[in-house]
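Contents: one structure, followed by commentary.
The values are calculated or read from the model by the stated rules, or taken from the named source; none is laboratory data. Predicted model, so just to flag it, every value in this text is computed and none were measured. Neighbour counts run over all protein chains shown; Cβ positions are idealised from the backbone, glycine included. Please note that ligands, DNA and RNA were not included when accessible areas were found on the heavy atoms of the full protein model with its side chains. Shrake-Rupley method; radii C 1.70, N 1.55, O 1.52, S 1.80 Å.
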Amino acid sequence: MTSGLAEADWERLRETAREAMGRAYAPYSGFPVGAAALVEDGRVVSGCNVENASFGLALCAECGLVSQLQATGGGRLTHFVCVDGSGGPLVPCGRCRQLLYEFGGPELVLETPAGRVTLAEMLPQAFGPEHLTK
Ligand code: THU
């Protein structure tokens with residue numbers, strides 16, 4: 001599945017995610033993570049995980065990414081990549097799938113170790129903003 005995005009653009013997202021991973025603060029887990037996503041207006045946003053001595057307060061890379069998205073003008077995420085310390089693709093954790101759903105919805109395309117899939121496939125029957133207005 002190419003999902004309409006050129007391979008060069010996927011590579012750019014991977015590179016941006018790897019750069020962010022290189023700036024991760026993960027002294028407790030030793031597991032740096034980087035994430036990058038394309039926004040519908042062409043912007044690329046990214047984030048890295050930031051841990052804390054109070055372990056449960058760790059911020060996933062996706063938290064930084066959605067914060068940057070909003071702080072730089074908002075918009076909808078269309079394509080997303082997350083990488084681990086080796087630079088290879090990583091699946092977002094459950095909480096982060098929900099974070100991504102808020103800003104990308106079911107059509108967001110994610111690169112995963114199992115290939116490119118939609119968020120609808122990774123988070124079936126998602127709870128989202130639409131439920132609050134019913
Ligand atoms: N982590 C992320 O940044 N994103 C994910 O989707 C999975 C987990 C981070 C959190 C923690 O700092 C480290 O990976 C180990 O769980």
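Select from segment 55-74 the residues that are part of a loop (DSSP other than H, G, I, E, B), more than 11 Å from the ligand (Cβ to nearest atom) and open to solvent by less than 60 Å² (accessible area, probe 1.4 Å) and list them in ascending order.
G74
Scan segment 43-52 for residues that are within 13 Å of the ligand (Cβ to nearest atom) and part of a loop (DSSP other than H, G, I, E, B) and report the count.
Residues meeting the conditions: 3.
Hey, among the residues in segment 27-42 that are open to solvent by 60 Å² or more (accessible area, probe 1.4 Å) and closer than 18 Å to G105 by Cβ, which one's nearest to the ligand (Cβ to nearest atom)?
Residue satisfying both the conditions and the ranking: E40.
Report whether or not L77 is more than 9 Å from the ligand (Cβ to nearest atom), closer than 12 Å to A35 by Cβ and open to solvent by less than 50 Å² (accessible area, probe 1.4 Å).
yes
Just to verify a result, which residue in segment 80-107, among those that are away from the ligand (no atom under 13 Å from the Cβ) and touching a residue at least 40 places away in the same chain (Cβ under 8 Å), is surrounded by the fewest Cβ atoms within 10 Å (Cβ to Cβ)?
Top of the filtered list is G87.
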